[in-house]
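Data first, discussion second: the structure below is written as structure tokens.
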Amino acid sequence: MSLKKLTTISADRVTEDDIERKLYSRDLAFVPPIMVKPFFQTLPDAIIRPGNAEQVADVLRQATNENIPVTPRAAASTSYYNSVPVHGGWVLDMNDLRDGIEVDTVQQTVRVLPATTWFDLDDALQQKGFAAKSYPSSAISATVGGWVSMQGQGIGSLRYGGVGDQLVNLQVSMPLVRGELRTITRRSDPPLDWFVATEGTLGVITRVELSIRPRPAAESHHLFAFDDLNILSQNVASLACAEPRPFTIFFADSGYLRLMERAGFDIPLELPQPAFPVSNKGVLLVSFQGESSEVTNGREKLLHTAGKELSSDLALDEWNQRLHHLRTKRAGPSLLAAEVWLPLKELSHYLTSVKNLAERSRLLIGTYGFVVAPDTTLVMSLYPTDERRTVKYLAAIGFTKRLHDLAARYGGRPYGVGLWNTAYLPRLFSRSQLAELKRRKALLDPSGIMNPGKVYQAPFPLWPITFGPGATMLGALHLSLGKDRS
Amino acid sequence: MKDNVFFKGLMAEATICSYCGYCRSVCPTYEGVGWESCSPRGRLHLIRMLLEGTTLTADQMKRLYQCTLCGHCTQVCSTRIDLRQFWLEARKQTVLRKLSPPEFSTTLDNITKTGNIYNYQNDERAGWVEYMDDPPDDLYQRDRAEVVYFVGCLSSFSPRTQRIAESFVHVLNAAGVDFTILGEGEVCCGYPLLAAGMHDEAQKVIEQNLERVRATGATTIVFNCPACRVMWLEEYARHLPGVRMLHSTEMLANLTADQKLPMKEVNRIVTYHDPCDLGRNGGVYNAPREALAAIPGLQFVEVHERRERALCCGGGGDLEMIDTALCGHVAAQTVKKLAATGAQTIVTACPQCVRMLTRGKEQTAPDVSVKDILELVAEIMDRPLKKSQDEAVQKCPDARHPKF
């Protein structure tokens, strides 16, 4: 492979070092080699760290010429191998394309380089009197380009929509035009929407322009304790439609609070001991941001909330921890999860079913979520395990299917695709949707060099015929091995 | 200071690490190097590989030491790992496995042979006192005193930072504090050894210093070097029950609050750089700000990256011994942010920060001056400290070039 032909990129921006390549062959979730090595080439052949958009274009030109797979990667803070190569090739470490923040105060938009983290973007905007409209719950590492490439729903989405709604334009280097940089708008051909949530399979985003909001003049946070998950769910659903619309709504069940407690952290309410039967308790955080009057009006809406309002200090603590849900991993030392989109009207059924599953099987499962639209919530169901015990861990991985199946019963579908969630493609897309996505892929990346193996088609180990029985069997094993002994 | 962070052992914490990359976003050396192996999460996984038996090359091993121990990664860690503790423990393991870089052996030799990091004769440790105006006959080395001023290697020997020691003594005298320095009885606090993973060797210097301090009957030990203070708090304090350990800024804040240091008005725009070992790792944020607020006429501008989010000067964690160019890069990036406040002077409270920021400003902000807060205060007191550093250095030419 012709790394030497990358004329614009200096040698210190390229590495073929064994250990370095190994570090680029994983993301958030540890996956045992037995599940990976026989099927996928996750070790990249080289890692290239472009310093600007022109260098990205150079890499894509060369990769297109020689049919070399290219996997764009920034924080790699997802867990479905979205930015891990599965066919080797080059990993494009985008992290040097960061900052470059230009605010248009009149249009209320910002141009930003794609590897800028959401935390840094919002921080810079706040200093200039503005704020990001929404951001992921992993904002400290998650990048702007990365979130555009993923599903882009998180904190603030309830009030301002997902990142796709906020996009003004993208600059993209595309294999179709041999890496050339193109500005993509809602009216361009191809249009902007094509590049949202396509996980770097159509091109590499080299600049993002998106709408922003004035820095909120006021904010208030309110934490409620509930003794009944049904009532909590009803309150979540009604508040999600309330006007003024909350900036965000966060909820968690007793399993999540117990995980947090086991991890060594204070929780805002007392849980019964022992852990089983599973408590029906939960908490709800409602946050308003905006003009003072809006926040005041929002606060008045909460007078009808059925739960017991906890102190403002506890509410502020919970808000301040909104980017730190992974603290629960200390209860592991490993943690696996199923993250799903869920119709809000089914939240009560889902939470109750997870609680029943946990109780029946004596498993510790914690669920929390952020409401991202008046009718939709993101839900994350977590359970502790230990990656150092291979059999136990493999069984635990299989158990995610059980949770995904449970969510599917209530209209839920996985959040993000990457490699591992291709197993659920029929749940993610209708036949016609998938056909359209494949048409776009064939059109824009005819050689299939961009992040191959992701999104569009399940590889053999993840075919329904292989994945379904395998995961079900392992999941059943987890029900016996994963029992909570406390 | 450490707030709700955990350390249960290297393998346990390496397993708990979520690989989320929060640490990467704030790491000053990752920013400079750019490869995943130099990010805290990458470094952590290198250590895990090492513990699991992977052989690393010298270049790969070097990554483990391209770290200033600034503690910013601990501050943001999503699984609340005490990463600073993790790095220190990892370095200890590399020593036990005889894998630590050869550069550290120089430090060990220097401290073992001479009692200081510079390899000077330790009886020169209080040489700077002789160049002050009218030093007393005892050269501030008294048998008994309420307060021990532990000067530290940098302020004792480095020409750029000896002025800080002179300034502090000037302040202590003006305020009428009953203090002593330890002179050649003081040896390196041991922090550079601990940062190199050499715990056994650190223990020896700890014992020497403890013996000397006990003999003075002091109830307070004061440090102008935050790394010395952290070292004493973490490794000495349990052996000295009832003895207070203060940073000079804490004493300064008290003295200015009690109006014991009359100062002239100063017309200068100043910003403050929080040293990592004073702020994040030492828990002192307010005292230096209170002392600055007491200076008449001073215009204080805060840099955005301050307190828990302060940037690193690049000089911690023994990085200067391993990768001096990376130190310089980190220092330059930090000065750039500090200078962007419009300040004429960057004030800090650490001799190593003074050294590094002085180096960093040459590339990015040559017109900005860098001072320790003690230097600033000593300059503007009603009876200011007179001699300039250059004069002192001329009298002590062999102190011009540190030997590590």
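Overview of results
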{"quantity": "Selected residue [free of Cβ contacts under 8 Å to residues at least 60 places away in the same chain and not β-branched (Val, Ile, Thr)] from A:Ala53, A:Ala46", "calculated": "A:Ala46"}
{"quantity": "Matching option when the condition is in the same structural domain as A:Ser293 (by TED's automatic domain parsing), of a type outside the set (Val, Ile, Thr) and under 25 Å from the mean Cα position of the chain (by Cα), among A:Leu232, A:Leu202, A:Leu210", "calculated": "A:Leu232"}
{"quantity": "Test for B:Asp178: is it farther than 24 Å from B:Cys276 by Cα and in contact with a strand residue (DSSP E or B) (Cβ under 7 Å, 6 or more places away or on another chain)", "calculated": "yes"}
{"quantity": "Residue among B:Arg163, B:Arg144 that is on the phi < 0 side of the Ramachandran plot and either aliphatic (A, V, I, L, M) or crowded, with 24+ Cβ neighbours inside 10 Å (or both)", "calculated": "B:Arg163"}
{"quantity": "B:Arg91 being in the same structural domain as B:Val148 (by TED's automatic domain parsing) and at pLDDT 95 or above", "calculated": "no"}
{"quantity": "Qualifying strands (runs of 3 or more DSSP E) (wholly inside segment A:166-259; at least 2 residues being out of contact with any Asp or Glu (no Cβ under 9 Å at 6 or more places or on another chain) and buried (at least 24 other Cβ atoms within 10 Å of the Cβ))", "calculated": "A:204-211, A:248-253"}
{"quantity": "Answer residue from segment B:18-32, given it is assigned to a helix (DSSP H, G or I) and in contact with a Leu (Cβ under 7 Å, 6 or more places away or on another chain) and is nearest to B:Leu83 (Cα to Cα) among those", "calculated": "B:Cys23"}
{"quantity": "Selection count where residues are buried (at least 24 other Cβ atoms within 10 Å of the Cβ) and either aromatic (Phe, Trp, Tyr) or under 18 Å from A:Glu20 (Cβ atoms) (or both), scope segment B:20-37", "calculated": "9"}
{"quantity": "Positions within segment B:269-285 being surrounded by fewer than 18 Cβ atoms within 10 Å (Cβ to Cβ) and assigned to a loop (DSSP other than H, G, I, E, B), in sequence order", "calculated": "B:Gly283"}
{"quantity": "Single residue of A:Leu342, A:Leu347, A:Leu382 found to be under 27 Å from A:Ser238 (Cβ atoms), at pLDDT 95 or above, touching a strand residue (DSSP E or B) at 6+ places or on another chain (Cβ under 9 Å) and part of a helix (DSSP H, G or I)", "calculated": "A:Leu347"}
{"quantity": "Residue ranges of helices (runs of 4 or more DSSP H) in segment B:57-106 with at least 2 members hydrophobic (A, V, I, L, M, F, W, C), crowded, with 20+ Cβ neighbours inside 10 Å and away from every other protein chain (no Cβ under 13 Å)", "calculated": "B:83-96"}
{"quantity": "Any hit, segment B:290-310, residues being over 23 Å from B:Phe150 (Cβ atoms), more than 16 Å from the chain's Cα centre (by Cα), small (Gly, Ala, Ser) and buried (at least 16 other Cβ atoms within 10 Å of the Cβ)", "calculated": "yes"}
{"quantity": "Close pairs (8 angstrom Cβ cut-off, 6 or more residues apart or separate chains): farther than 12 Å from A:Ile19 by Cβ and in contact (Cβ under 8 Å) with a residue 12 or more places away in the chain in segment B:55-69, buried (at least 18 other Cβ atoms within 10 Å of the Cβ) and among the aromatic types (Phe, Trp, Tyr) anywhere", "calculated": "B:Cys67/B:Trp87; B:Leu69/B:Trp87"}
{"quantity": "Selection from segment B:338-367 of residues that are surrounded by fewer than 17 Cβ atoms within 10 Å (Cβ to Cβ) and without any contact (Cβ under 8 Å) to a residue 40 or more places away in the chain", "calculated": "B:Ala340, B:Glu362, B:Gln363, B:Pro366, B:Asp367"}
{"quantity": "Criterion (outside any strand (DSSP E or B) and away from chain B (no Cβ under 14 Å)) met by exactly one of A:Arg360, A:Arg327", "calculated": "A:Arg360"}
{"quantity": "Only one of A:Ser134, A:Ser138, A:Ser149, A:Ser157 that is assigned by TED's automatic domain parsing to the domain that holds A:Val196, over 20 Å from B:Ser25 (Cβ atoms) and hydroxyl-bearing (Ser, Thr, Tyr)", "calculated": "A:Ser157"}
{"quantity": "Failed item, numbered, when B:Ala165 is tested on (1) part of a helix (DSSP H, G or I); (2) over 20 Å from B:Pro384 (Cβ atoms); (3) among the small types (Gly, Ala, Ser)", "calculated": "(2)"}
{"quantity": "Matching entry among A:Val354, A:Val372 (being assigned to a strand (DSSP E or B), at pLDDT 95 or above, among the β-branched types (Val, Ile, Thr) and farther than 13 Å from A:Gly475 by Cα)", "calculated": "A:Val372"}
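Listed here are the residues, each with its yes/no results for (1) more than 17 Å from A:Phe251 (Cα to Cα); (2) out of contact with any Lys or Arg (no Cβ under 9 Å at 6 or more places or on another chain); (3) in contact (Cβ under 8 Å) with a residue 24 or more places away in the chain; (4) not in a helix (DSSP H, G or I).
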position	(1), (2), (3), (4)
A:Leu269	no, no, yes, yes
A:Asn280	no, no, yes, yes
A:Gln289	yes, no, yes, yes
A:Glu300	yes, yes, no, no
A:Leu303	yes, yes, no, no
A:Leu316	no, yes, yes, no
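The values are calculated or read from the model by the stated rules, or taken from the named source; none is laboratory data. Worth saying up front: this structure is predicted, and the values here are computed from it rather than measured. Positions of Cβ are backbone-derived with ideal geometry, glycine not excepted, and every protein chain shown enters the neighbour counts.
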